[in-house]
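Participant: Sharing a structure with you now.
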Amino acid sequence: MVGGAITAPSLAAILNSCKSPSDSAASGFSLDTDQRSLLAEIAEVIIPKTDTPGAKDTGTPEVIEILLKDCYNEDQQKHFVAGLKDLEEESKKLGGSFVSLDDAKKLQVVETMRDKAKAEREEAEKVKIVDAETGKEKEDHTKKEPPIPFFTLVRDLTIFGYYSSEYGVTKAFDYSPVPGKFDSCIKVSPDQRAYS
């Protein structure tokens, strides 16, 4: 009985993983074509192509969409889509869709979104509950956690997606597919990359 109780949840997880993605989709979240193009441009502004591949070259936008679908709740997903719409509104103030703007204006829009994220985070931190008897701040366990600000989330997921791509792991880091023995004292040069 104990073995059955332990293996039943594991077996259920394995059987669920065998279903097709459409059968086992936890949410119906997906970006449309325009939103995907917009996300790709945002990611490319965050990690542009130089003498190294940019975010688009490494498949980072696709990873971001997968992470949003599989790892974030519906409130966060809606907040992200609202952030994309807000970014487009900011872009229109500078002359058009974000995708059609020149690099300087794209950077200006991204900086505006960064400032909005900072303000949103500060506003969320202001909401505090003070105990009437002690005068000390206390936690409100009934309050829902506010969604992560749009720019903060897209920036963090872009960096994660880029550095977990094949290029990020094998070229941006000092990659050793079969690491050798552990040596706690090694010489590090000024241009030494982090190990992956």
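Derivation of every value follows stated rules applied to the coordinates shown; laboratory data play no part. For clarity, every value in this text was computed on a predicted model and none was experimentally measured. Backbone-built Cβ (ideal geometry, glycine too); neighbour counts: all protein chains shown.
Participant: Return the sequence-ordered ³J(HN,Hα) values of segment 40-48 in whole Hz as given by the Karplus equation 6.51 cos²θ - 1.76 cosθ + 1.60 applied to θ = phi - 60°, using x for Gly and Pro.
Facilitator: 4, 5, 4, 4, 5, 5, 5, 10, x
Participant: Oh, and also: From the cross-link list LYS69/LYS116; LYS105/LYS171; LYS49/LYS92; LYS78/LYS118; LYS69/LYS171; LYS49/LYS69, which pairs have alpha carbons spaced over 21 Å apart?
Facilitator: Going by Cα-Cα distance, LYS69/LYS116; LYS105/LYS171; LYS49/LYS92; LYS69/LYS171; LYS49/LYS69 fall outside the 21 Å limit.
Participant: If I model a spin label at VAL81 and LYS49 as a point 7 Å from the Cα along the Cα→Cβ vector, what separation in nanometres do I get?
Facilitator: Once both label points are built, they end up 3.0 nm from each other.
Participant: Please go through segment 45-109 and write out the trypsin sites (Lys or Arg not before Pro) that DSSP classes as loop and that have at most 12 other C-beta atoms within 10 Å.
Facilitator: LYS49
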